[in-house]
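The values are calculated or read from the model by the stated rules, or taken from the named source; none is laboratory data. Just so we're clear, the structure is a prediction, and the values are computed from it rather than from any experiment. Positions of Cβ are generated from backbone atoms using ideal geometry, with glycine treated the same way; all protein chains shown enter the neighbour counts. Heads up: the accessible areas ignore ligands, DNA and RNA and are worked out on the full protein's heavy atoms, side chains in. Shrake-Rupley method; radii C 1.70, N 1.55, O 1.52, S 1.80 Å.
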Amino acid sequence: MSAPRTPDPNRRNPESTKAILEAALALARDQGWSKVSIEGIAAQAGVGKRTIYRWWPSKGAVVLDAYAARLQERPYMHADEAEDGDLREDLVRVLGETWDMVSDSLPLLASLIGEAQHDPDLGERLWERLIGPSSLPVQARIERAQANGEIAGDADPFRAAELVYGQIYLRLLVTPKPIDAGFLENCVDLALQGLRSRP
């Protein structure tokens, strides 16, 4: 008789995972970050706390996974789907699609970024699951613009994306002014002033 197999803690039950992620996102958006707890997520999802801790190290990791899963359903997260039209219009469109997706949950996004400042594991996860992927369409479009001679060849596409998105994160986290369509267009215009090829 073979010995019973030890349960694999990395193998998630799809139904439990779905329930946990939905509960985490709902609690974070409806009750606010400070009121979210592993206990509350477990109770709403109908699972035990041990089930959650088997797969996630903290409430921040659970909420981030839930939030990132929601965003991954949107096409702007996939660089290979970016179109090649007018460079400015393409970048404005990407930023607009990004903003449309997160504008209804800004306090949650700000809370995740804030929590990541003193939780290195969450900070790494935030970059890998959300911040990094969200900048890929801009990097890919900048690279194609360089190939067409529209953008200076020595410009770093990663830094170019930082130049665009950094303005948005600063306003989200620090500057008490609104983020609207006009601001997003201005972010693109200011970035392109420094990135475009010179005669």
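Checking the cross-link filter: which lysines have an alpha carbon closer than 29 Å to that of residue 177, excluding same-chain neighbours under 8 positions apart? Hits, sequence-local ones excluded: 35. Mean silhouette area of the chain, derived from the convex hull of its C-alpha atoms and averaged over all directions, reads 14.6 nm². Within the same chain, lysines fewer than 8 places from residue 18 are excluded, and of the rest, those with a Cα less than 17 Å from its Cα are 49, 59. The portion of the accessible surface of the chain made up by carbon and sulfur, rounded to a whole percent, is 51 (1.4 Å probe; DNA, RNA and ligands excluded). The Rg/Rh ratio for the range 109-199 is 1.03, where Rg is the radius of gyration of the alpha carbons and Rh is the Kirkwood radius. Per-residue 3J(HN,Hα) values for the range 144-160, derived from phi via the Karplus relation 6.51 cos²θ - 1.76 cosθ + 1.60 with θ = phi - 60°, read 5, 5, 5, 5, 8, x, 7, 10, 3, x, 8, 6, 7, x, 5, 5, 5 Hz in sequence order (x marks Gly and Pro). Work out the charge dipole of the chain with +1 on the Cβ of Lys and Arg and -1 on the Cβ of Asp and Glu about the Cα centre, then indicate which of 116, 56, 106 is farthest towards its positive end. The residue sitting farthest along the positive end of the dipole is 56. Restricting the calculation to Cα atoms, every distinct pair contributes to the Kirkwood radius of the range 79-161, found to be 14.1 Å. Fully extending the segment from residue 69 to residue 43, taken as 0.36 nm per residue of separation minus the present Cα-Cα distance, adds 7.3 nm. In whole percents, the pair-distance distribution calculated for the range 141-192 from its alpha-carbon pairs, binned every 10 Å from zero, is 25, 48, 21, 6.
Once the Cβ-Cβ distance of residue 53 and residue 110 is raised to the sixth power relative to R0 = 25 Å, the FRET efficiency obtained is 0.45.
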